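Please read the structure below before turning to the comments.
Since every read-out is calculated from the coordinates, none of them should be taken as a lab result. Note that the coordinates shown come from a computational prediction; the quantities given were computed from them, not determined experimentally. Here the Cβ positions follow ideal geometry from the backbone for every residue, glycine too, while neighbour counts run over all protein chains shown.
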Amino acid sequence: MDRRYHGAVLDQIELSLRARPGRPVQGIGLGVARAAVAAVINPQAELLFIRRAERVGDPWSGHVAFPGGRAEAGDEGPVGTAVRETVEEVGLALPDAGRLLGPLDELLAPVRRGPPQLVISPFVFHLQRLQPLRPNVEVASVHWLSLERLAMGEGRSSFDLEWGGATLRMPCIELSGLRIWGLTLRMLDDLLERMGGQTSPDVELLHGEDPRR
């Protein structure tokens, strides 16, 4: 990617995050768990993704995601959670190697029935110098994908998902052997929209009662 283009993209993202920082989730009850993730952009304008290890009982087992996880008592707010989890999962020390550009919109993790259980706060970071990645046992592999390719809409596709007695047509991105969908795709679309890039259509209900209601 051309350095001038790279710089312009980063400027556009940062200006957008300053003009309209990510919106917090409103109207949730007390006791809802919190999590945070880091959308990390490297000096080549590539975005970091991880493929989570296959683990019994993990609802995101094997999924492609941004580094991140649930908040812990010692974290300094949601940003602290994203920073700690990124160090733990891929060995990347964001305070040393990068800077925070800003927050994306918070999301509620979907549930089949009952009230929301988890609020996820995404943050965008720019690496100013590269560091070697050291994934832990929770991470099967790490991947850098070009923001330019993502913004141009490469790999846009969909698949059918059976969930809660219904069939949903889920938008996704199939690129470099990865399938990006669900919450991670929604966060990515928020970032791409700020770049003027292509984003996803809505989830389509094909059969049954919508389990998200």
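Between (1) 16.8, 56; (2) 19.0, 73; (3) 16.9, 49, which entry matches Rg and Dmax of the Cα atoms in Å as derived from the coordinates of this structure?
(3)
Which ³J(HN,Hα) values in Hz, rounded to whole numbers, follow from the phi angles of segment 182-194 under the Karplus curve 6.51 cos²θ - 1.76 cosθ + 1.60, where θ = phi - 60° and Gly and Pro get x?
The phi angles translate into x, 4, 5, 5, 5, 5, 4, 4, 4, 5, 5, 4, 5 Hz.
From the backbone phi of segment 63-68, what are the Karplus-calculated ³J(HN,Hα) couplings (6.51 cos²θ - 1.76 cosθ + 1.60, θ = phi - 60°) in whole Hz, Gly and Pro given as x?
In residue order, the calculated couplings are 6, 8, 8, 8, x, x Hz.
In terms of modelled amide H atoms, which long-range or inter-chain residues lie less than 5 Å from the amide H of V139?
Residues meeting the amide H criterion: A53.
Out of residues 5 or more away from S146 or on other chains, whose amide H comes under 5 Å of its own, with H placed 1.01 Å from N in the peptide plane?
Amide H to amide H, under 5 Å and 5 or more residues apart or across chains, S146 pairs with L47.
Please build a GNM for the chain, connecting alpha carbons under 10 Å apart, and tell me which residue among E88, E14, E154 fluctuates the most.
E154
Can you give the helix-only mean residue ellipticity at 222 nm for the chain, where every DSSP H stretch with n ≥ 4 adds -39500 (n - 2.57) and the sum goes over all residues, rounded to the nearest 500 deg cm²/dmol?
It comes out at -7500 deg cm²/dmol, rounded to the nearest 500.
Within 10 Å of each candidate Cβ there may be at most 16 other Cβ atoms; applying that plus a DSSP loop requirement, which chymotrypsin sites (Phe, Trp or Tyr not before Pro) in segment 1-106 survive?
Sparse-neighbourhood loop chymotrypsin sites (Phe, Trp or Tyr not before Pro): W60.
So who's got an amide H within less than 5 Å of the one on V124, skipping anything under 5 residues away but keeping other chains? H placed 1.01 Å off N, in plane.
It is A39, L101, G102, L104, by chain and number.
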